[in-house]
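First up is the structure itself, then whatever we jot down about it.
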Amino acid sequence: MPNYLSPGVYIEEVQAATRPIEGVGTAVAAFVGLAQRGPANTPVMVTNWSQFVATFGDFMEASYLAHAVYGYFLNGGTTAYIVRIGADGAGAPSARLELPSSTDKAQPAFRVVALEAGGSGNDITVEVAEPSEPGEGVFRLVVSRGSEQEVYDNVTTKRGKQSVFTAVKASKLIRLEEVAKGEVAPAVGTKSALTGGTASGPVRVSPDEYAGNAADRTGFGGLEAVEEVTMLAAPDLMALYQAGVVDMDGLKAVQLAMIAHCELMGDRVAILDAPPDYNAQQVKEWRQDRAGYDSKYATLYWPWIKVFDPVAGQPVLVPPSGHLAGIWARSDAERGVHKAPANEIVRGAISLELNLTRAEHDQLNPIGVNCIRAFPGRGIRVWGARTLSSDPAWRYLNVRRLFNYIEESILLGTQWVVFEPNDIDLWERVKRTIGAFLVRTWRDGALFGSTPAEAFFVKCDGENNTAETIDAGQLIVDIGIAPVKPAEFVIFRLAQFSGGTSLSE
């Protein structure tokens with residue numbers, strides 16, 4: 001409290017009794033897979049397809065990552081994190097170029113080498129131009145690849161703060177190697193492309209590389225530091241399985257690692273793909289006998305969808321996880337996270353790997369296989385919204401994701417409570433803060449009940465905050481919510497009745 005020592009009018013700013021809780025984002029996907037180029041084992045955020053192409057390259061053979069990301073943005077996705085694994089040039093020669101010296105063009109001044117091994121380095125061009133501040137041995141080095149460009153102006157081959165060897169250490173495209181004796185400047189006016197980068201053959205990726213670890217920020221482990229992620233997909237796992245790089249045990253190991261990551265984080269859900277070329281009976285047997293997953297943090301979609309492939313110039317089958325992640329994002333934006341992301345059109349899908357019958361669907365839906373079906377006159381739609389959990393309380397995907405949303409929002413919105421005096425005043429402030437957030441959630445249609453009292457409760461009083469818990473430095477708040485469940489089975493009961501009127505005298 002301030003001290004008032006002289007008469008006058010004073011103004012004080014005080015904090016409100018409640019602090020608003022802002023809802024967290026629910027539609028940020030993470031994709032782990034193979035790409036033409038780009039940072040390896042580093043989560044990189046992209047917000048549109050053009051950014052993905054600029055950083056990781058375009059569609060490529062024997063990879064589904066680009067198709068998944070394209071389908072994600074096509075179906076309504078807005079933000080994604082990309083983790084590139086299995087650099088396609090691992091163990092292969094890097095593209096390179098020797099720049100001729102200014103004194104003798106038969107002798108190189110220094111060598112330019114692509115940072116990424118393999119054929120992606122052949123797209124890099126290097127130009128030596130006039131500097132903005134002319135001087136002896138001073139030049140400008142321009143490095144380009146597509147829309148990327150790095151400019152190193154007023155640099156020299158001499159030692160010091162203007163050394164080109166020091167400046168290029170920050171490059172994301174190239175590195176330099178000294179080959180000339182002495183400090184020889186390159187010839188100004190030359191522009192050439194790097195050459196000699198070739199792929200070493202099929203990509204070799206082990207399940208351990210997918211799983212990675214949090215300490216080195218690799219694989220799924222690297223995503224532990226990205227709290228915004230709410231969806232996880234690994235579409236290229238199926239490409240590696242088709243190529244024979246990963247067998248069925250390896251496929252299961254990677255999908256188990258995805259589930260373990262989501263369960264560990266507690267704020268994201270894994271979108272799994274079924275193996276290719278399976279019919280309904282094989283998918284059922286694989287789901288029950290071979291995979292046997294049981295998790296409220298994972299979903300499974302089948303069958304694969306057919307999309308147009310610019311590389312092959314014809315339609316190809318791709319796993320549906322990327323397109324489904326976009327549908328989740330679209331449903332969240334249009335209706336909210338409480339709405340089951342089903343009965344939604346799959347944009348970009350030409351047809352399906354297999355058209356299901358109702359009898360086949362009857363066998364798959366109860367075991368948590370979310371089917372994609374084609375309906376005459378209604379297009380290709382997602383026709384399932386279940387998790388892979390055997391617990392009926394967590395059967396529906398929208399319930400799991402609604403809890404993730406509420407838990408994360410309350411967690412971030414109540415950080416101000418830490419180290420506050422643990423008294424009745426704090427209890428009431430916490431109840432009002434959380435209650436106000438849940439009322440907004442109820443008004444959005446996410447909670448079941450005609451009144452807020454029927455939809456949720458927040459308990460924080462002397463019953464759950466005893467003297468022992470207070471002495472232990474704990475504040476305990478019990479929260480109960482009634483989530484809305486999807487109308488998965490719509491039943492109309494029709495019966496005959498005798499209509500009309502009767503006459504009597």
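The values are calculated or read from the model by the stated rules, or taken from the named source; none is laboratory data. On a predicted model such as this, the values are computed, not experimentally measured, just so you know. Cβ sites come from the backbone with ideal geometry, for glycine too, and all protein chains shown count toward neighbours.
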Residue satisfying all of: in the range 429-460; in a loop (DSSP other than H, G, I, E, B) and in contact (Cβ under 8 Å) with a residue 40 or more places away in the chain; farthest from Ala482 (Cα to Cα) among these
Asp444
Elements of type strands (runs of 3 or more DSSP E) contained in the range 1-100, each with 1 or more residues being closer than 17 Å to Leu240 by Cβ and not β-branched (Val, Ile, Thr)
28-33, 79-84
Conditions (1) touching a Ser or Thr at 6+ places or on another chain (Cβ under 6 Å); (2) in a helix (DSSP H, G or I); (3) farther than 22 Å from Tyr210 by Cβ; number of the one not met by Ile259:
(3)
Given the conditions (1) more than 13 Å from the chain's Cα centre (by Cα); (2) at pLDDT 90 or above, which single one is not true for Ile11?
(2)
Identify, please: which residue in the range 111-132 is modelled with pLDDT of 85 or more and not aliphatic (A, V, I, L, M) and is, among those, farthest from Ala193 (Cα to Cα)?
Ser132
In this structure, is Glu148 touching a residue at least 60 places away in the same chain (Cβ under 8 Å) and among the charged types (D, E, K, R)?
yes
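Okay, residues lined up against (1) in contact with a helix residue (DSSP H, G or I) (Cβ under 6 Å, 6 or more places away or on another chain); (2) under 21 Å from Asp267 (Cα atoms); (3) outside the structural domain of Val484 (by TED's automatic domain parsing); (4) part of a strand (DSSP E or B):
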position: Ser331; (1), (2), (3), (4): no, yes, yes, no
position: Asn343; (1), (2), (3), (4): no, no, yes, no
position: Gly348; (1), (2), (3), (4): yes, no, yes, no
position: Asn355; (1), (2), (3), (4): no, no, yes, no
position: Ala359; (1), (2), (3), (4): no, no, yes, no
position: Ile372; (1), (2), (3), (4): no, no, yes, yes
When the residues of the range 412-427 are narrowed to those that are surrounded by fewer than 14 Cβ atoms within 10 Å (Cβ to Cβ) and assigned to a helix (DSSP H, G or I), which ends up nearest to the chain's Cα centre (by Cα)?
Leu412
Out of the residues in the range 23-47 that are out of contact with any Phe, Trp or Tyr (no Cβ under 8 Å at 6 or more places or on another chain) and of a type outside the set (A, V, I, L, M), state the one that is nearest to Ser120 (Cα to Cα).
Pro39
Quick one: in the range 31-56, which of the residues that are in contact with an Asp or Glu (Cβ under 9 Å, 6 or more places away or on another chain) and small (Gly, Ala, Ser) is nearest to Ala225 (Cα to Cα)?
Ala40
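To keep it simple, each residue is scored yes or no on (1) surrounded by fewer than 21 Cβ atoms within 10 Å (Cβ to Cβ); (2) hydrophobic (A, V, I, L, M, F, W, C).
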| residue | (1), (2) |
| --- | --- |
| Phe56 | no, yes |
| Phe59 | yes, yes |
| Gly71 | no, no |
| Asn75 | no, no |
| Ile85 | no, yes |
| Arg96 | yes, no |
| Ala109 | no, yes |
Any residue at all in the range 275-286 that's among the β-branched types (Val, Ile, Thr), assigned by TED's automatic domain parsing to the domain that holds Phe220 and part of a helix (DSSP H, G or I)?
yes
Test set (1) touching a Cys at 6+ places or on another chain (Cβ under 9 Å); (2) of a type in the set (S, T, N, Q); (3) more than 19 Å from Gly384 (Cα to Cα) - Thr218 fails condition number:
(1)
Which one of these is within 20 Å of the chain's Cα centre (by Cα) and not hydrophobic (A, V, I, L, M, F, W, C): Gly322, Gly292, Gly250?
Gly322
Picking from Thr18, Thr79, the residue that is in contact with a strand residue (DSSP E or B) (Cβ under 6 Å, 6 or more places away or on another chain) and among the polar types (S, T, N, Q) would be Thr79
